[in-house]
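Following: one structure in C-alpha cells, then a few remarks.
Bear in mind that the values in this text are calculations on the coordinates, not laboratory data. Note that the structure is predicted; figures quoted are calculated from it, not measured. With ideal geometry, Cβ positions are generated from the backbone for all residues, glycine too; neighbour counts draw on all protein chains shown.
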Amino acid sequence: MPTTLAVFDVAALDQIHEGRVGRLVKQQLGRLAADCYDRPADKSPRKLVIELLLRPVIDQKGNLHKVKLEAQVRAKVPTYVSPEYDLAVADGARGFLFNPADPTDLDARSLLPEDDA
C-alpha cells in the first residue's frame, strides 16, 4: 500500500481516471446550463446523474481487502418537441410535401404574386 492515502470524496472525482470524470461532470453541467438558456420556456427538469458503484473485494480469509470504484456520469435534457406542421402525401406515397410559405398551414396562400412566390 502507498505510504500516503487520501480521503475519497466528491472532490476526488477530479483525480480519478486522469481527471476525466471531473471534466465530464463539468461538461455535462455546461450542457444542462446551455439547454436551460436555449429553452427557458421548457420547465421540464434537466438531470445530471453521478453514479458511484462500489464493490467490496475480500481477501482469502473473507475479510474486506479493498473496494473497487466505478463512476458513471450521464445527463438528460428534455426531449425537443417542435410545433406541429401540416404535410401532404405525394402522389404514389413517395414522400411528403409541405407549404414553404407557411409550414404550419398546408392550405395557406402566399401574399406575394405567383411570379415572386
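Taking only the range 45-71 into account, find how many residues are small (Gly, Ala, Ser), touching a helix residue (DSSP H, G or I) at 6+ places or on another chain (Cβ under 9 Å) and free of Cβ contacts under 8 Å to residues at least 40 places away in the same chain.
0
Testing Val81 on (1) over 27 Å from Ala12 (Cβ atoms); (2) surrounded by 11 or more Cβ atoms within 10 Å (Cβ to Cβ), one condition comes back false. Which one is that?
(2)
To keep it simple, each residue is scored yes or no on (1) surrounded by 10 or more Cβ atoms within 10 Å (Cβ to Cβ); (2) assigned to a helix (DSSP H, G or I); (3) out of contact with any helix residue (DSSP H, G or I) (no Cβ under 7 Å at 6 or more places or on another chain).
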| position | (1), (2), (3) |
| --- | --- |
| Thr3 | no, no, yes |
| Ala12 | yes, yes, yes |
| Gly22 | yes, yes, no |
| Leu29 | yes, yes, yes |
| Cys36 | yes, yes, yes |
